[in-house]
Amino acid sequence: MKTYSQEKTDWNNVYWENKIAFKKQDNTIFTGIVQSKSKNGHVKYEEIYNNGKLIKSLLYYNINFAQLVSTETIFNPETNKKIKLLNFSSDGKNKWETNFDENEEKSEFNFYKNGKVIEHKEFFQGKKNGKWFCFEKDGSKCEIEYENGKKIKDCR
């Protein structure tokens, strides 16, 4: 069994050239975590790099000494473009997930409550597209269909 540790540092110890992160200390490509901390030492934000390429960023809630992820952004390390954005409620019951295409335009959105999808939206080239659904207050499912930004079927 092998164990690997990732270097953790702050923004002052890293620099970027052509979207590649380097360690200032020895000008080598950086692999690890760059953090921003509050005055009391809680991590507020961090970015995770592998071979100098950004793969993930995390924004945190710091509630009652507990550190909880508020927002997680996942990047394509080859293009440095975001491919997924996850948002979490502070109580952990709700999650919003947005997927992006190669142009960083929304391709899909889902809202989860207690682990169940209660809202779904699809996009194509930044326009509403495909089947969208949500659940009404009475528990019934509302489904709408879009094509190239235009509604073609209403809630049923």
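Numbers at a glance
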quantity: Subset of segment 139-156 [in a strand (DSSP E or B), open to solvent by less than 50 Å² (accessible area, probe 1.4 Å) and within 16 Å of SER107 (Cα to Cα)]; calculated: GLU145, TYR146
quantity: Output for segment 15-28, where each listed residue is open to solvent by less than 100 Å² (accessible area, probe 1.4 Å) and closer than 12 Å to PRO77 by Cβ; calculated: ILE20, ALA21
quantity: Any chance GLY126 is farther than 22 Å from TYR60 by Cβ and either open to solvent by less than 70 Å² (accessible area, probe 1.4 Å) or within 12 Å of the chain's Cα centre (by Cα) (or both); calculated: yes
quantity: The one condition in (1) surrounded by 16 or more Cβ atoms within 10 Å (Cβ to Cβ); (2) touching a helix residue (DSSP H, G or I) at 6+ places or on another chain (Cβ under 9 Å) that SER36 fails to fulfil; calculated: (1)
quantity: Elements of type strands (runs of 3 or more DSSP E) in segment 88-136, at least 2 residues being β-branched (Val, Ile, Thr) and either within 17 Å of ASN148 (Cα to Cα) or without any contact (Cβ under 8 Å) to a residue 40 or more places away in the chain (or both); calculated: 116-124
quantity: Residue count for segment 43-53, restricted to those that are more than 17 Å from ASN18 (Cβ to Cβ) and open to solvent by 50 Å² or more (accessible area, probe 1.4 Å); calculated: 2
quantity: Of all residues making up segment 57-87, the number that are among the charged types (D, E, K, R) and either under 14 Å from GLU105 (Cα atoms) or in contact with a Ser or Thr (Cβ under 7 Å, 6 or more places away or on another chain) (or both); calculated: 3
quantity: Residue in segment 42-54 that is touching an Asp or Glu at 6+ places or on another chain (Cβ under 7 Å), within 21 Å of GLU102 (Cβ to Cβ) and at pLDDT 95 or above present; calculated: yes
quantity: Long-range neighbours under 6 Å by Cβ, at least six apart or interchain, first residue at pLDDT below 95 within segment 1-28, second surrounded by 12 or more Cβ atoms within 10 Å (Cβ to Cβ) and in a loop (DSSP other than H, G, I, E, B); calculated: LYS19/ASN80
quantity: Members of segment 57-83 that are of a type in the set (D, E, K, R) and open to solvent by less than 60 Å² (accessible area, probe 1.4 Å); calculated: GLU72
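This table checks each residue for (1) over 30 Å from GLU17 (Cα atoms); (2) of a type outside the set (Gly, Ala, Ser); (3) at pLDDT 95 or above.
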site	(1), (2), (3)
THR71	no, yes, yes
PRO77	no, yes, no
ILE83	no, yes, yes
SER90	yes, no, no
TRP96	yes, yes, yes
ASN99	no, yes, yes
ASN103	no, yes, no
LYS116	yes, yes, no
GLY139	yes, no, no
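The values are calculated or read from the model by the stated rules, or taken from the named source; none is laboratory data. Everything quoted here is computed from the prediction, not taken from an experiment. A quick note on method: Cβ atoms are made from the backbone with ideal geometry, for glycine too, and the neighbour counts reach across all protein chains shown. Keep in mind that these areas ignore ligands, DNA and RNA; they rest on the heavy atoms of the full protein, side chains included. Shrake-Rupley method; radii C 1.70, N 1.55, O 1.52, S 1.80 Å.
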